[in-house]
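What follows is a set of notes on a single structure, which appears directly below.
The values are calculated or read from the model by the stated rules, or taken from the named source; none is laboratory data. Quantities reported herein were computed from a predicted structural model and do not represent experimental measurements. Every residue, glycine as well, gets a Cβ built from its backbone with ideal geometry; the counts of neighbours run over all protein chains shown.
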Amino acid sequence: MPIAWKNDSIEPDTLSSNVESESIVKSSRLRGLWRHPDFLKMWGGQTVSLFGSQVSLLAIPLTAVLVLNATALQMGILTALGTLPTLLFGLFAGVWVDRLHRSPILIVADAGRFLLLCLIPLSAVTGILHIGILYVLTFLVGILTIFFNVAYRSYLPSLIEREQLIEGNSKLELSQSVSEIVGPGLAGTLVQILTAPVAILIDAFSFLVSALSLAWIHTPEQRPESDTKQKGMLREIAEGLRFVFGKPILRALTSSFATLTLFNSVLEAVFILYLTRALGITPVVLGIIFAISSIGFLLGALLAGWLTHRIGIGITLLLTPLVIGGSDLLIPLAGQAPLLAIPLIGLAQLLFGLARPVFSINQVSLRQALTPERLQGRMNASVSFVVFGIPAIGALLGGVLGQDIGLQKTLIIAAAGEILACLWIFFSPVRRLREELKAG
């Protein structure tokens with residue numbers, strides 16, 4: 001049954017104020033962001049920061065293990081403290097991001113992380129570093145990171161035009177993908193040469209570079225008109241959640257994203273176990289398989305804008321969960337064809353790598369484009385909060401299913417669940433979005 005746009009989507013006046021005709025699907029026709037100096041400053045600084053963060057991702061745990069002789073329990077606490085701020089402060093960060101100018105939040109968060117991370121090698125050199133200090137610094141860095149991430153997603157729509165969001169998010173996703181490919185090897189080399197605590201300085205200075213790049217931006221930022229201070233923090237948090245789940249398009253995007261995340265977490269919980277035990281794949285081949293996935297991520301980030309322009313943002317968001325789930329179905333099928341197992345797994349990883357960033361870039365860009373400036377922070381914080389706990393639930397579910405019904409059946413369930421994520425898009429106005437936007 002056709003879904004009436006006016007009854008089921010964002011109100012016409014809200015839509016017209018946020019999305020121009022044919023917006024967010026025509027970036028390739030317009031002047032590119034390569035000619036946008038302020039975006040290039042932000043992109044360059046964030047790219048450096050992403051590479052630096054890959055160093056800390058390895059160096060901080062290694063500092064705990066190699067320097068402080070941390071126990072398994074202490075490592076678990078350290079990992080939890082790095083992610084706990086999202087759960088504790090994520091929704092509050094969204095309110096503050098909507099109350100204040102976002103650029104200063106970004107700069108302060110980067111500068112703060114620079115100073116905090118510098119304390120780790122300083123403490124190590126002076127001989128006072130212990131696990132308690134690492135706990136505190138990791139937790140504080142996590143708080144600043146959640147504020148940065150919420151402000152960062154909310155700042156982009158005020159820096160570039162709405163019709164350039166897919167191009168902008170594609171470039172940022174490209175940097176993320178490259179850092180995840182090159183970063184771990186670079187981090188390992190730096191830790192080997194410099195020691196883990198000293199290598200953390202690389203990440204510290206990458207935050208300083210990012211802060212200086214953001215401070216160098218000249219595009220004026222208009223603080224959105226908001227009565228948050230009069231309404232109160234909790235009421236503003238509730239407004240953000242109501243906005244995300246009260247608008248059919250945003251509700252469908254968030255639900256589809258959450259469903260994909262849940263079932264992909266189920267798959268990841270047993271993926272390596274299945275490849276190594278059931279298929280007998282060696283670590284060397286496993287590394288090649290992950291490299292193929294990384295190539296897919298790069299290609300997906302590069303092709304997202306082109307694909308969206310060709311078939312429309314609605315159809316793109318409808319098809320990508322099908323590709324993700326369909327490619328992951330090849331993984332359990334590989335067990336039925338031993339001679340083709342490795343090619344099938346490689347193909348699955350390539351297709352998954354292609355589709356996942358395309359979905360991510362488009363859903364983020366659409367959420368940004370359809371959200372008023374005054375709600376950008378709370379919208380991004382609400383989505384992050386909702387999705388935050390899902391990987392842990394999915395991993396636990398995957399482990400239980402793998403133990404009870406077997407690895408192959410668990411993988412089939414996970415892939416089927418990923419495919420079902422497209423239903424949120426199908427039964428919403430999202431799938432017809434390109435035509436409706438053209439109609440104005």
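Residue 189 fulfils the conditions (1) surrounded by fewer than 21 Cβ atoms within 10 Å (Cβ to Cβ); (2) among the hydroxyl-bearing types (Ser, Thr, Tyr); (3) within 20 Å of residue 32 (Cα to Cα) except for a single criterion, (3).
Residue 277: assigned to a helix (DSSP H, G or I) and without any contact (Cβ under 8 Å) to a residue 12 or more places away in the chain, yes or no? Taking the combined requirement at face value, the residue does not satisfy it.
Quick one: which of 265, 255 is within 21 Å of the chain's Cα centre (by Cα), in the same structural domain as residue 431 (by TED's automatic domain parsing), surrounded by fewer than 19 Cβ atoms within 10 Å (Cβ to Cβ) and of a type in the set (Ser, Thr, Tyr)?
255
I'd like to know if segment 350-363 contains one or more residues that are in a helix (DSSP H, G or I), touching a Leu at 6+ places or on another chain (Cβ under 6 Å) and either of a type in the set (Gly, Ala, Ser) or surrounded by fewer than 24 Cβ atoms within 10 Å (Cβ to Cβ) (or both). No, there is no match, as no residue in segment 350-363 is in a helix (DSSP H, G or I), touching a Leu at 6+ places or on another chain (Cβ under 6 Å) and either of a type in the set (Gly, Ala, Ser) or surrounded by fewer than 24 Cβ atoms within 10 Å (Cβ to Cβ) (or both).
Would you check if residue 236 is within 30 Å of residue 96 (Cβ to Cβ), in contact with a helix residue (DSSP H, G or I) (Cβ under 8 Å, 6 or more places away or on another chain) and of a type in the set (Asp, Glu)? Against the criterion (within 30 Å of residue 96 (Cβ to Cβ), in contact with a helix residue (DSSP H, G or I) (Cβ under 8 Å, 6 or more places away or on another chain) and of a type in the set (Asp, Glu)), residue 236 qualifies. The selection criterion, being surrounded by 21 or more Cβ atoms within 10 Å (Cβ to Cβ), of a type in the set (Asp, Glu) and over 28 Å from residue 37 (Cα atoms), does not hold for residue 173.
A quick yes/no check of all residues on (1) free of Cβ contacts under 8 Å to residues at least 60 places away in the same chain; (2) surrounded by 15 or more Cβ atoms within 10 Å (Cβ to Cβ); (3) farther than 24 Å from residue 185 by Cα:
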residue: 32; (1), (2), (3): no, no, yes
residue: 35; (1), (2), (3): yes, no, yes
residue: 41; (1), (2), (3): no, yes, yes
residue: 46; (1), (2), (3): no, yes, no
residue: 55; (1), (2), (3): no, yes, no
residue: 73; (1), (2), (3): yes, no, yes
residue: 78; (1), (2), (3): no, yes, no
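Entry remark, segment 117-141: residues being in a helix (DSSP H, G or I) and either free of Cβ contacts under 8 Å to residues at least 40 places away in the same chain or surrounded by fewer than 21 Cβ atoms within 10 Å (Cβ to Cβ) (or both) number 15 in total. Only a single item in (1) surrounded by fewer than 16 Cβ atoms within 10 Å (Cβ to Cβ); (2) under 20 Å from the mean Cα position of the chain (by Cα) is not met by residue 50, and it is number (1). In the list 300, 325, which residue meets the criterion of being assigned by TED's automatic domain parsing to the domain that holds residue 420, at pLDDT 90 or above, within 18 Å of residue 408 (Cβ to Cβ) and touching a Gly at 6+ places or on another chain (Cβ under 8 Å)? Within the list 300, 325, the selection yields 325. How many residues are modelled with pLDDT of 90 or more and in contact with a Ser or Thr (Cβ under 8 Å, 6 or more places away or on another chain) when one looks only at segment 79-89? Of the residues in segment 79-89, 0 are modelled with pLDDT of 90 or more and in contact with a Ser or Thr (Cβ under 8 Å, 6 or more places away or on another chain). Selection of segment 297-317 for residues being surrounded by fewer than 23 Cβ atoms within 10 Å (Cβ to Cβ) and in a helix (DSSP H, G or I) yields 298, 299, 302, 303, 306, 307, 309, 310, 311, 315.
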